[in-house]
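The values are calculated or read from the model by the stated rules, or taken from the named source; none is laboratory data. Keep in mind that this is a model prediction, so the values were computed, not measured. In this analysis, Cβ positions are derived from the backbone assuming ideal geometry, glycine residues included, and neighbour counts consider all displayed protein chains. Protein only, heavy atoms only, side chains kept; ligands, DNA and RNA dropped before computing areas. Shrake-Rupley method; radii C 1.70, N 1.55, O 1.52, S 1.80 Å.
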Amino acid sequence: MIYAGILAGGTGKRMGYVDTPKQFLDLGGKPLIIHTLEKFLLNARFEKIYVGVVKDWITHTEDIIMKYIGGNGRICVCEGGRDRNGTIMNIIRRIEESYGLRDEDIIVTHDAVRPLLSHRIIEDNIDAALSCGACDTIIPATDTIVHSLDAEYLEEIPDRKKIYQGQTPQSFNINLIKKCFSNLSESDKKVLTDACKICVLQGIKVKVVLGEVYNIKITTPYDLKVANAILKEDLSE
């Protein structure tokens with residue numbers, strides 16, 4: 001089976017809002033997370049779409065889904081974890097409890113606050129996860145990246161041709177990512193925030209899928225303005 005895991009466990013501190021997590025802020029007349037969910041609902045290959053949110057916001061999430069999407073048996077809202085990897089593992093736990101796990105099952109994980117991804121990116125993630133077991137969505141870095149150990153002096157300037165920016169989705173064979181995560185030490189689990197690095201540390205090759213510049217993560221008020229501008233442009237075409 002093919003599952004989606006929408007990661008909505010953040011609180012949005014960098015947005016400057018203290019009362020509303022960023023995934024629930026308005027974008028073009030509806031919450032950010034609704035835009036994201038709609039993209040996944042358009043893909044019939046997903047059997048279930050799980051949404052992992054902070055416990056205190058589960059009811060609110062269910063309410064806005066009902067308001068903007070309506071009753072949909074493919075969507076399941078569940079409690080997220082302490083961090084993104086914890087949220088992924090909580091979703092996998094729910095999947096296993098409800099349906100069990102088969103060797104071919106995959107999960108496409110995506111940030112709730114990346115609402116502008118394309119159908120092509122989703123399809124490429126599904127295909128790569130099915131064939132390779134793990135994949136990451138990336139775009140070439142356009143700026144020169146510098147490495148500094150102390151934020152005072154440059155340590156290294158890597159070759160930009162070999163540097164990419166990570167996006168989501170990140171997609172995995174469920175049994176594979178579950179096994180890799182269980183092999184991590186507790187200290188590693190606390191500091192690792194990227195799901196693909198879980199596989200890399202276990203020696204698993206991670207396939208790359210080309211993302212898109214528009215697939216931005218909305219983290220700051222500026223990002224929200226940019227997303228609104230992109231959305232208006234898309235709607236006018």
Inter-site label distance for Glu38 and Ser131 at 7 Å from Cα along Cβ, in nm: 3.1 nm
Proximal aspartates and glutamates to Lys162, defined as alpha-carbon separation beneath 17 angstrom and excluding residues fewer than eight positions away on the same chain: Asp136, Asp143
Tyr68 paired with Lys225, simple spin-label distance in nm, labels 7 Å along Cα-to-beta-carbon: 2.2 nm
Global geometry of segment 117-237, whether rounded, prolate or oblate, following the gyration tensor of its Cα atoms and the 1.5 cut on a/c: oblate
Set of lysines near Lys189 by C-alpha distance (under 17 Å), chain-local residues within fewer than 8 positions excluded: Lys178, Lys179, Lys197
Tail weight of P(r) past 28 Å, computed on alpha-carbon pairs of the chain, percent: 31 percent
Spacing of the two label points (7 Å from each Cα toward its C-beta) at Met1 and Ser182, in nm: 1.9 nm
Carbon/sulfur fraction of accessible area - the chain, other protein chains in place, 1.4 Å, %: 52 percent
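Kindly rank 68-78, 101-111 from highest to lowest mean number of other beta carbons found within 10 Å of each residue. Intermediate values should be presented prior to the final figure.
Values: 68-78: 13.9, 101-111: 20.2.
The packing order, highest mean first, is 101-111, 68-78.
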Residues of the chain: accessible area per residue with a 1.4 Å probe, Å²: 52 Å²
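May I ask you to list the trypsin sites (Lys or Arg not before Pro) in segment 134-231 that are in a DSSP loop and have at most 12 other Cβ atoms within 10 Å of their Cβ?
On the way: sites: Arg160, Lys161, Lys162, Lys178, Lys179, Lys189, Lys190, Lys197, Lys205, Lys207, Lys217, Lys225; in loops: Lys205, Lys217.
Of the trypsin sites (Lys or Arg not before Pro), the ones in loops of segment 134-231 whose Cβ has at most 12 other Cβ atoms within 10 Å are Lys205.
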Proximal lysines to Lys30, defined as alpha-carbon separation beneath 19 angstrom and excluding residues fewer than eight positions away on the same chain: Lys22, Lys39, Lys67, Lys217, Lys225, Lys232
Nearest-10 value in Å² for the accessible area of Ser131, using the 1.4 Å probe: 90 Å²
GNM flexibility winner over the chain from Pro31, Pro169, Pro221 (Cα, springs under 10 Å): Pro221
